[in-house]
């Protein structure tokens with residue numbers, strides 16, 4: 001019985017992880033050459049592994065990230081007890097209104113990244129004012145100026161910066 005429980009836990013961890021396989025890792029993430037070089041939307045419904053890959057800006061450079069959401073119990077426990085969670089800034093309202101918004105991240109592996117990221121929604125006063133930010137400093141400056149509101153969602157993702165596949 002104990003072996004079955006341990007095997008189930010190991011299987012769950014393996015299925016929900018979004019780490020790049022060790023043979024595909026590099027010491028530093030590679031940046032994408034331009035926003036239009038981002039990976040096209042996947043036609044698969046699988047958001048695990050490479051199916052969860054998407055572009056994201058970090059300090060005005062475009063990277064590819066891979067993420068999957070933690071189960072709600074894991075989100076709550078980590079948000080309560082882990083003080084070093086990074087942020088991923090997204091604007092679902094802009095995207096829904098037809099304005100592209102590439103996510104912005106506040107760390108990469110060479111900058112003290114924790115693989116756990118909390119989603120923070122960037123809310124513009126009007127979707128007609130959607131602006132693409134390219135760094136967390138730009139996001140925070142816009143929030144300080146009152147141009148946007150930042151709304152933590154409570155959703156937590158296990159992420160990796162994978163560069164270009």
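The values are calculated or read from the model by the stated rules, or taken from the named source; none is laboratory data. Every value quoted in this text rests on a predicted model; they were computed, and no experiment measured them. Note that we place each Cβ from the backbone using ideal geometry, even for glycine, and neighbour counts take in every protein chain shown.
The set of residues in the range 101-114 that are touching a residue at least 40 places away in the same chain (Cβ under 8 Å) and in contact with a helix residue (DSSP H, G or I) (Cβ under 9 Å, 6 or more places away or on another chain) comprises 102, 104, 105, 106, 107. Residues of the range 104-112 include at least one that is closer than 22 Å to residue 72 by Cα, in contact with a strand residue (DSSP E or B) (Cβ under 7 Å, 6 or more places away or on another chain), at pLDDT below 95 and not in a helix (DSSP H, G or I). Residue count for the range 77-100 under the criterion of being within 22 Å of residue 113 (Cα to Cα) and in contact (Cβ under 8 Å) with a residue 12 or more places away in the chain: the result is 11.
How many residues are touching a strand residue (DSSP E or B) at 6+ places or on another chain (Cβ under 9 Å), within 17 Å of residue 151 (Cα to Cα) and part of a loop (DSSP other than H, G, I, E, B) when one looks only at the range 114-131? Of the residues in that region, 3 qualify. When 156, 150 are checked against the criterion of being surrounded by fewer than 17 Cβ atoms within 10 Å (Cβ to Cβ) and either assigned to a strand (DSSP E or B) or touching a helix residue (DSSP H, G or I) at 6+ places or on another chain (Cβ under 8 Å) (or both), 150 stands alone in meeting it. Before we move on, is residue 78 surrounded by 14 or more Cβ atoms within 10 Å (Cβ to Cβ), closer than 25 Å to residue 151 by Cα and at pLDDT 75 or above? Spelling it out, it is not the case that residue 78 is surrounded by 14 or more Cβ atoms within 10 Å (Cβ to Cβ), closer than 25 Å to residue 151 by Cα and at pLDDT 75 or above. Residue count for the range 81-91 satisfying the condition of being at pLDDT 95 or above and either more than 16 Å from residue 157 (Cα to Cα) or in a loop (DSSP other than H, G, I, E, B) (or both): 1.
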